[in-house]
Amino acid sequence: HLDIMSFAREDDRQLIENVIKLNKVDLVIVDSLACFNSVDENSAAVAPCLSWLCNLAQQYNCAVVFTQLVNKSETKEGKYTIKSIRGHSLIGQIPELIYALDVPNSANKNTKRLYQIKNNIDEIDDKEYYFKLSKINEDISEIQLIDNDSKEDKSKKDIRKQILASNSTKSNVEIALI
């Protein structure tokens, strides 16, 4: 378990790096940045941790995804922007790609929307991706992907292809849809 670690401590960073290296990890998910960081997210002291995550992705050719809360009142035309990201402005400046995941309609909380708010690799993809969550039992929820253009359900494979095609082939970033 890596849930009591801090990116601010060198020995913890080395342990995480060893796990990635030895297991040839393709995807690292940090949920959330504040939980793995012993420094104040509102201070510029987050920069070394963010830089370390970016270097980790490059050095080991893996995607690094971290979650960060947003200020819900900071939206533009009903969508989050870089200014919406909670914490120091560096949290929105250092990553190459930033996606937002939200609930576009408060009357239907099971439908989620995924969209880009930053892309330093290619042009911003203005496509929105919609997901419906359906609880199967206590432990399992099913994700149903919806094509916003036709309002038809699509297979995970079709949507995954569409998302990957919209991102630059220059990037090693891949979105995993489970």
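Hey, CYS49 hits all of (1) surrounded by 13 or more Cβ atoms within 10 Å (Cβ to Cβ); (2) touching a His at 6+ places or on another chain (Cβ under 7 Å); (3) not aromatic (Phe, Trp, Tyr) but one; which does it fall short on?
Only one criterion in (1) surrounded by 13 or more Cβ atoms within 10 Å (Cβ to Cβ); (2) touching a His at 6+ places or on another chain (Cβ under 7 Å); (3) not aromatic (Phe, Trp, Tyr) is unmet by CYS49, namely (2).
I want to confirm something. Restricting to the stretch 19-46 and keeping residues that are open to solvent by less than 50 Å² (accessible area, probe 1.4 Å) and either in a helix (DSSP H, G or I) or in contact with a strand residue (DSSP E or B) (Cβ under 6 Å, 6 or more places away or on another chain) (or both), which single residue is nearest to SER89 (Cα to Cα)? Steps first, please.
If we filter the stretch 19-46 for residues that are open to solvent by less than 50 Å² (accessible area, probe 1.4 Å), which is where we start, we get 20, 25, 28, 30, 32-34, 36-37, 39, 41, 43, 45-46.
Still in the list and also either in a helix (DSSP H, G or I) or in contact with a strand residue (DSSP E or B) (Cβ under 6 Å, 6 or more places away or on another chain) (or both): 20, 28, 30, 33-34, 36, 45-46.
Working: ILE20: 28, VAL28: 22, VAL30: 19, LEU33: 14, ALA34: 14, PHE36: 18, ALA45: 11, VAL46: 10 Å.
My answer is VAL46.
Of the conditions (1) surrounded by 13 or more Cβ atoms within 10 Å (Cβ to Cβ); (2) modelled with pLDDT of 75 or more; (3) more than 17 Å from ASN105 (Cβ to Cβ), ARG160 satisfies every one except a single condition; which number is it?
(2)
Exactly one of (1) outside any strand (DSSP E or B); (2) touching a Lys or Arg at 6+ places or on another chain (Cβ under 8 Å); (3) β-branched (Val, Ile, Thr); (4) modelled with pLDDT of 85 or more is unmet by ILE124. Its number?
Among (1) outside any strand (DSSP E or B); (2) touching a Lys or Arg at 6+ places or on another chain (Cβ under 8 Å); (3) β-branched (Val, Ile, Thr); (4) modelled with pLDDT of 85 or more, the lone unmet condition for ILE124 is (4).
For the stretch 136-157, give me each residue that is open to solvent by less than 70 Å² (accessible area, probe 1.4 Å), in a strand (DSSP E or B) and at pLDDT below 60.
Of everything in the stretch 136-157, nothing turns out to be open to solvent by less than 70 Å² (accessible area, probe 1.4 Å), in a strand (DSSP E or B) and at pLDDT below 60.
Could you please find all residues in the stretch 52-96 being open to solvent by less than 50 Å² (accessible area, probe 1.4 Å), of a type outside the set (S, T, N, Q), closer than 17 Å to ASP31 by Cα and assigned to a loop (DSSP other than H, G, I, E, B)?
Listed by number, the residues that qualify are CYS62, GLY87, PRO95.
Which numbered condition in (1) at pLDDT below 90; (2) of a type in the set (A, V, I, L, M, F, W, C); (3) within 29 Å of ASN37 (Cα to Cα) is the only one that ALA100 fails?
For ALA100, the failing item is (1).
Answer with yes or no whether TYR130 is at pLDDT 85 or above, surrounded by 13 or more Cβ atoms within 10 Å (Cβ to Cβ), out of contact with any Ser or Thr (no Cβ under 7 Å at 6 or more places or on another chain) and assigned to a strand (DSSP E or B). Lay out the reasoning, then the answer.
Values: at pLDDT 85 or above: yes; surrounded by 13 or more Cβ atoms within 10 Å (Cβ to Cβ): yes; out of contact with any Ser or Thr (no Cβ under 7 Å at 6 or more places or on another chain): no; assigned to a strand (DSSP E or B): yes.
Spelling it out, it is not the case that TYR130 is at pLDDT 85 or above, surrounded by 13 or more Cβ atoms within 10 Å (Cβ to Cβ), out of contact with any Ser or Thr (no Cβ under 7 Å at 6 or more places or on another chain) and assigned to a strand (DSSP E or B).
Within the group TYR115, TYR99, which residue is in contact with a Phe, Trp or Tyr (Cβ under 8 Å, 6 or more places away or on another chain), under 27 Å from LYS135 (Cα atoms) and open to solvent by 50 Å² or more (accessible area, probe 1.4 Å)?
Numbers: TYR115 fails: open to solvent by 50 Å² or more (accessible area, probe 1.4 Å).
So the residue among TYR115, TYR99 that is in contact with a Phe, Trp or Tyr (Cβ under 8 Å, 6 or more places away or on another chain), under 27 Å from LYS135 (Cα atoms) and open to solvent by 50 Å² or more (accessible area, probe 1.4 Å) is TYR99.
The values are calculated or read from the model by the stated rules, or taken from the named source; none is laboratory data. Keep in mind that this is a model prediction, so the values were computed, not measured. Here the Cβ is made from the backbone with ideal geometry for all residues, glycine too, and neighbour counts use every protein chain on show. To get the accessible areas, we keep the full protein, side chains included, count just its heavy atoms, and leave off ligands, DNA and RNA. Shrake-Rupley method; radii C 1.70, N 1.55, O 1.52, S 1.80 Å.
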